[in-house]
Amino acid sequence: MKILATVKRVPDPETSIKVKPDGSGIVADNIKWVVNPFDEIAVEESLRIKEKVAGSEVVLVSVGAKVAQEQLRTGLAMGADRAILVVAEDGLEPLAVARVLVKVIESEQPDLVVMGKQSIDDDSNAVGQMAAELLGWPQATFASKLELAGDQKTATVTREVDGGLETLSFPLPGIVTTDLRLNEPRYASLPGIMKARKKELKEIEVGALGVDVAPKARLVKMEPPPKRQAGKKVASVEELVHLLHTEAKVI
Amino acid sequence: MGDVLVFAEHVHGKFPKTTLIAFAAGQDAAAKLGGSCHAVVMGAGGLDALASEAASYGMTTVFQVEHARLEHYVADAYTAALAALVQAKGIDTIVATATAIGKDMTPRLAARLGAPLAADITGINADGTVVRPMYAGNVFATVKLEGAPRVISVRATAFDAAAKGGAGSVEKVAATLDEAALKTRFVGLEEIKSDRPVLTEARIVVSGGRGLKNGENFKIVLEPLVDELGAAMGASRAAVDAGFVPNDLQVGQTGKVVAPELYVAVGLSGAIQHLAGMKDSKVIVAINKDEEAPIFQVADYGLVADLFKAVPEMKDAVAKLKH
């Protein structure tokens with residue numbers, strides 16, 4: 001079967017993010033860029049399916065600046081077969097990204113699309129659901145378990161929802177978005193990294209796809225969050241409980 | 001200006017607090033964007049009581065939409081029924097709380113309507129722009145949604161629950177669903193039963209991190225303190241990743257966002273993505289043996305101590321306070 005997995009270039013989650021003084025964006029210097037952690041889980045899940053189902057192919061897709069090649073190479077080094085980069089300005093809003101992905105999906109015709117549930121920069125948690133709707137496909141977000149029927153025609157997905165675990169089932173094709181506990185992504189091996197250099201990485205200019213990517217949710221400005229002041233250190237549990245009772249009055 | 005429509009999520013025949021928050025956010029949106037605030041209650045049937053309850057929260061009209069395919073929340077069916085209602089009633093703004101259902105449904109709805117989406121907003125400005133956190137809460141973006149309709153999901157901690165007041169009307173609306181287009185089947189829900197308060201509604205939250213070392217210690221060390229305080233239990237992503245506790249306890253950027261009166265962080269370092277989920281708590285306590293842990297930078301009260309000693313001591317001290 002053919003599986004498409006998404007890969008977004010995002011700042012390392014441990015990077016401290018600063019807003020530019022004019023509020024137009026974030027300070028991009030000194031940021032280490034990585035594969036969105038939830039997309040790593042998506043790539044891993046795709047590779048696990050490929051390892052189980054003979055003759056499968058894993059295709060990666062990213063939408064963003066040319067430098068996202070680097071993150072696609074990481075996914076190829078993990079074991080994906082080839083990659084597509086739709087070159088576009090960074091910061092496209094979720095609906096624009098979904099429209100671009102739909103074009104790629106229509107041309108690639110995968111049986112399954114696996115995506116991170118959210119990218120840790122924009123935090124919208126939206127593109128998978130939007131692409132599913134635009135395609136008229138079923139969706140299963142926040143997946144913690146993904147099972148395919150023996151004939152690979154049906155997916156059964158366990159989802160992490162409020163208060164428990166929900167199970168959905170649908171005929172393929174469909175879109176699954178990953179939650180943390182779906183799997184533990186592998187590291188790229190040295191031979192994997194060597195092989196990745198020779199794998200196909202196709203670039204498409206976003207303009208060539210003929211989709212409307214004009215912003216409808218326009219960024220007015222960015223601001224840092226209000227600073228929270230550090231409080232005091234206490235010496236003992238006794239003092240802590242006493243202060244919570246008498247000073248903070250919360251217990 | 002067109003009206004606002006609040007998606008009123010219900011669980012076991014009741015509105016959770018997160019839905020009352022959506023009512024409040026909807027009213028705020030109507031006040032700032034213009035128009036009246038309506039609500040929609042959806043399900044397979046038997047929604048009369050819920051619909052009139054929703055009307056008592058100051059909703060002008062509550063649309064009661066019943067269809068066999070709406071028995072359980074499933075994204076494709078709910079999106080289709082909701083989009084049809086939005087178009088039939090000329091709604092301009094759709095508001096839902098960013099719960100698991102809200103996060104699953106609102107983007108799909110926005111795509112169906114070709115509408116802009118603002119996810120997980122923390123406020124609505126007087127000029128109608130909205131504020132939403134990005135980068136794990138390290139950035140707050142002001143966003144202007146162009147045109148209508150537009151879809152907004154609301155962060156539960158950012159609004160107070162609506163109070164009762166006013167009595168709107170209930171209107172039953174037949175759902176229009178193209179059943180052939182609905183491909184997803186609800187198989188089941190395995191509920192995690194707990195006598196403790198719901199994490200996102202609790203007055204006190206006690207969270208554990210990797211410092212607890214294993215799942216067993218969450219039970220024998222942390223839980224007695226949780227229960228003595230009548231608190232909800234949370235966890236850091238590291239503790240969830242390590243398999244100590246289920247993911248629905250995760251507090252943080254990619255888990256739940258909480259803002260209780262008291263948040264006690266035990267044996268967790270305070271990674272950026274964890275702080276994103278709790279730093280709006282009223283009072284924060286940190287217990288950690290590493291005095292350099294970043295959690296101390298946001299804590300009102302910090303105790304540098306071995307949690308395996310301090311937590312049982314704290315449980316005893318709280319118990320003593322009660323007597």
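The values are calculated or read from the model by the stated rules, or taken from the named source; none is laboratory data. Because the structure is a prediction, the values reported are computed rather than measured. In this analysis, Cβ positions are derived from the backbone assuming ideal geometry, glycine residues included, and neighbour counts consider all displayed protein chains. We work out accessible area using only protein heavy atoms, side chains counted, and drop any ligands, DNA or RNA first. Shrake-Rupley method; radii C 1.70, N 1.55, O 1.52, S 1.80 Å.
Listing for the model above:
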| item | result |
| --- | --- |
| Percent of C-alpha pairs per 10 Å bin, segment A:2-220, short to long | 8, 35, 37, 17, 3, 0 |
| Solvent-accessible ranking of A:T177, A:T15, B:T200, largest area first, probe 1.4 Å | B:T200, A:T15, A:T177 |
| Theoretical ellipticity at 222 nm over chain B - DSSP helices of four or more residues, -39500 (n - 2.57) apiece, nearest 500 | -8000 deg cm²/dmol |
| Sparse-neighbourhood loop sites, trypsin sites (Lys or Arg not before Pro) in segment A:108-178 - DSSP loop, at most 12 other Cβ within 10 angstrom | A:K153 |
| Sparse-neighbourhood loop sites, trypsin sites (Lys or Arg not before Pro) in segment A:1-110 - DSSP loop, at most 15 other Cβ within 10 angstrom | A:K32 |
| Percent of Cα pairs exceeding the 34 Å cut-off, where the set is the protein assembly as shown | 40 percent |
| Drop in accessible area of at least 20 Å² in the complex versus isolated chain, residues of segment A:198-231, 1.4 Å probe | A:K216, A:A217, A:R218, A:L219, A:V220, A:K221, A:M222, A:E223, A:P225, A:R228, A:A230, A:G231 |
| Tensor-based shape of segment A:77-195 (alpha-carbon gyration tensor, a/c under 1.5 rounded, otherwise prolate or oblate) | rounded |
| Rel. contact order, % - alpha carbon contacts under 8 angstrom, at least six apart, segment A:2-220 | 26 percent |
| Probe 1.4 Å, accessible area per residue of chain B, Å² | 37 Å² |
| Accessible surface buried once A binds B (1.4 Å probe; total of both sides; Å²) | 6800 Å² |
| B:I284 accessible area, 1.4 Å probe, all protein chains in place, Å² to nearest 10 | 0 Å² |
| Accessible area (Å², per residue) of segment A:25-117, counting only protein heavy atoms and a probe of 1.4 Å | 36 Å² |
| Listing of segment B:254-282 residues, each with accessible area lower by at least 50 Å² in the full protein assembly than in the chain alone (probe 1.4 Å) | B:T254, B:I272 |
| DSSP bridge orientation in segment B:55-200 - percent antiparallel, rounded to nearest 5 | 35 percent |
| For chain A, built as a Gaussian network whose Cα springs stay under 10 Å, the top-fluctuating residue of A:G128, A:G116, A:G25 | A:G25 |
| Segment A:24-117 - percent relative contact order, Cα under 8 Å, separation 6 or more | 33 percent |
| Surface per residue (accessible, 1.4 Å probe) for segment A:158-251, Å² | 58 Å² |
| Spatial separation of Cα centroids for segment B:113-173 and segment A:207-251, in angstrom | 19 Å |
| Counted charge near B:T106, where neighbours are those whose Cβ lies closer than 13 Å (Asp, Glu -1; Lys, Arg +1) | +2 |
| Listing of segment B:140-168 residues, each with accessible area lower by at least 40 Å² in the full protein assembly than in the chain alone (probe 1.4 Å) | B:F140, B:T142, B:K144, B:E146 |
| R0 of 45 Å, Cβ-Cβ distance A:A208-B:A167: FRET efficiency to nearest 0.05 | 0.20 |
| Accessible surface of the protein assembly as shown, 1.4 Å probe, proportion on carbon and sulfur as whole % | 50 percent |
